[in-house]
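The values are calculated or read from the model by the stated rules, or taken from the named source; none is laboratory data. Bear in mind that the values here come from a model prediction, so they are computed numbers and not experimental data. Here the Cβ is made from the backbone with ideal geometry for all residues, glycine too, and neighbour counts use every protein chain on show.
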């Protein structure tokens, strides 16, 4: 009988490019195969901005989680649409500051689940890290499953990191965010970033990606993204290009991706 690890490895299909592993490659991660790197390079040729976006998105996650754990006192994180674990994941950043932090990751990609079983685990004995297989279009299921690990009577950081562009209807996006945030306690936070239509180059690249057979991704305006934070108080510096959100690098420059952190009153 094959071992569980062998069964998991057999499901990885290293010869078939996979979107989550390609994103891992763009971010500089090591959990990808030659097929993913080749596909990632091909996409980067038609849409070079996406590589910078991937790398900057992880820096934004790190800065936001550090703020929430160190300054806002958040001990619980609900990371929805997490994608493939890479480096400096939410639980690693949070538990380095708050060892007893509890993190629930959510994704509906079976391949991500295969990797997550091997790669996601708490970095401390006091903390908890779990994974919920669910689609963000089903927030009620997410909330029910997350409640087995998180205390919804205490503040939670809800995270949508570069995933809402796969939903073409902004009203649906707003409904998902409102439903999840509506279930959280006062003092909870929303962390959200997405690609924006703020330059002709990025719009052209996104169109070329879709035309080449890639999964279409909706670029929205900063004003549209801001509507997801209605009823919340934006943490300084507000909704800005993600490299400029409390940057660790003083030479950070803007890109066509905006994000913010908002606090629930």
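Here are the numbers for the structure shown:
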item	result
Failed condition for residue 224, given (1) over 23 Å from residue 44 (Cα atoms); (2) part of a loop (DSSP other than H, G, I, E, B)	(2)
Residues being surrounded by 18 or more Cβ atoms within 10 Å (Cβ to Cβ) and in contact with a helix residue (DSSP H, G or I) (Cβ under 6 Å, 6 or more places away or on another chain) - total across segment 177-188	3
Positions within segment 95-113 being over 19 Å from residue 69 (Cβ atoms) and in a helix (DSSP H, G or I), in sequence order	110, 111, 112, 113
Test for residue 83: is it in contact with a helix residue (DSSP H, G or I) (Cβ under 8 Å, 6 or more places away or on another chain) and either under 17 Å from residue 184 (Cα atoms) or in a loop (DSSP other than H, G, I, E, B) (or both)	yes
Residue 64 being under 23 Å from residue 241 (Cβ atoms) and either at pLDDT 95 or above or assigned to a helix (DSSP H, G or I) (or both)	yes
Lone qualifier among 35, 3 - being over 14 Å from the mean Cα position of the chain (by Cα) and modelled with pLDDT under 85	3
Residues (more than 14 Å from residue 162 (Cα to Cα) and assigned to a strand (DSSP E or B)) located in segment 241-265	262, 263
Selected residue (only one of 86, 82, 124 is crowded, with 19+ Cβ neighbours inside 10 Å, modelled with pLDDT under 95 and more than 20 Å from residue 13 (Cα to Cα))	82
Criterion: over 18 Å from residue 264 (Cβ atoms), surrounded by fewer than 20 Cβ atoms within 10 Å (Cβ to Cβ) and modelled with pLDDT under 95 - qualifying residue of 171, 207	207
Given (1) touching a helix residue (DSSP H, G or I) at 6+ places or on another chain (Cβ under 8 Å); (2) more than 29 Å from residue 22 (Cβ to Cβ); (3) in a helix (DSSP H, G or I), index of the condition residue 142 fails	(2)
Counted residues, segment 45-54 - those being at pLDDT 85 or above and in contact with a helix residue (DSSP H, G or I) (Cβ under 7 Å, 6 or more places away or on another chain)	2
Subset of segment 229-252 [crowded, with 18+ Cβ neighbours inside 10 Å, farther than 25 Å from residue 19 by Cα and in contact (Cβ under 8 Å) with a residue 60 or more places away in the chain]	235, 245, 247
Test result for residue 196, in contact with a helix residue (DSSP H, G or I) (Cβ under 7 Å, 6 or more places away or on another chain), under 25 Å from residue 225 (Cα atoms) and in contact (Cβ under 8 Å) with a residue 60 or more places away in the chain	yes
Any hit, segment 67-74, residues being touching a strand residue (DSSP E or B) at 6+ places or on another chain (Cβ under 7 Å), part of a helix (DSSP H, G or I), modelled with pLDDT under 95 and crowded, with 22+ Cβ neighbours inside 10 Å	no
